[in-house]
Amino acid sequence: MNELKLKIEQHSNLTCKEPEQTKKPDIRVVDVSSGDLLICRVEAKFLQGKAFVKSSKIVRLRPKETLVIDEPKLLHYFSCKDADLKKYRRNVPLFVVWMFNRPCDDIGGITVFQEIDKLRKIHAEHPYRRHDRGTASNDFVAGVKRGITAKYHFSIKETRPIEDLLPAIAQAERSAKTAAQSHAVTAEQRHHPRCADCCETFTPKFPGAKLCLQCWRQRQ
């Protein structure tokens, strides 16, 4: 994850910060010069060891192409995206990054990513990719089940190469700044609307005023 943070900061004017809450995605990418304007969020996943060997029959994906994620976390990311949309009144991208460290000659050692809305669409269209793995002894702590056994699987074919992440973040930065500027203009217009007659900005004497004082007097 530190390598991912370093890459983002070295190739942009943005800063990677810790999430506001521990359950939020790993990285909060902000523009410090714009008052910590939230640009996007990034969640880092690390895949190692053997692939899901029964995936062809159970989730209909070849073992080496499967990308696994804890389903409760996936659903939480959906909620996080919705909460950001409500709070900031704009789309805040949430990118999930998978780094492969599996012993596969052709795809081992690569890194891919995808935006959460794309993953949400796949999740809705392919419910059969959900699978509950068997419970193991290390899933329990003091007799209480802590391990997450509900898993969801994506295909590597449904993701984008890591080389596309920085351009995607740059696009998110442009969108965030455009939206912030638009919100600022709208707020300014509420305080200083344009007169319906002379089109000059004015400070209204009462809420909903359409005319500046001079034009109002001319109409009397």
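The values are calculated or read from the model by the stated rules, or taken from the named source; none is laboratory data. All values reported here derive from a predicted model rather than from experimental measurement. Using ideal geometry, Cβ is built from the backbone for each residue, glycine included, and neighbour counts are taken over all protein chains shown. Accessible surface areas use protein heavy atoms only, side chains included; no ligands, DNA or RNA. Shrake-Rupley method; radii C 1.70, N 1.55, O 1.52, S 1.80 Å.
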### Query
Can you spot a residue in the stretch 97-108 that is modelled with pLDDT under 90 and surrounded by 19 or more Cβ atoms within 10 Å (Cβ to Cβ)?
yes
### Query
Does the stretch 39-66 hold any residues that are more than 21 Å from Ser175 (Cα to Cα) and at pLDDT 90 or above, and which are they?
Ala44, Lys45
### Task
Using the structure shown, decide if Ala196 is closer than 30 Å to Asn13 by Cβ and either part of a loop (DSSP other than H, G, I, E, B) or modelled with pLDDT under 75 (or both).
no
### Task
State the number of residues belonging to the stretch 60-77 that are open to solvent by less than 20 Å² (accessible area, probe 1.4 Å) and either outside any helix (DSSP H, G or I) or under 14 Å from Phe95 (Cβ atoms) (or both).
6
### From the options His123, His131, residue that is at pLDDT 85 or above, open to solvent by 20 Å² or more (accessible area, probe 1.4 Å) and assigned to a helix (DSSP H, G or I)
His123
### Task
Give the residue that is modelled with the lowest pLDDT, with candidates limited to residues of the stretch 134-169 that are in a strand (DSSP E or B) and loosely packed, with under 12 Cβ neighbours inside 10 Å.
Lys145
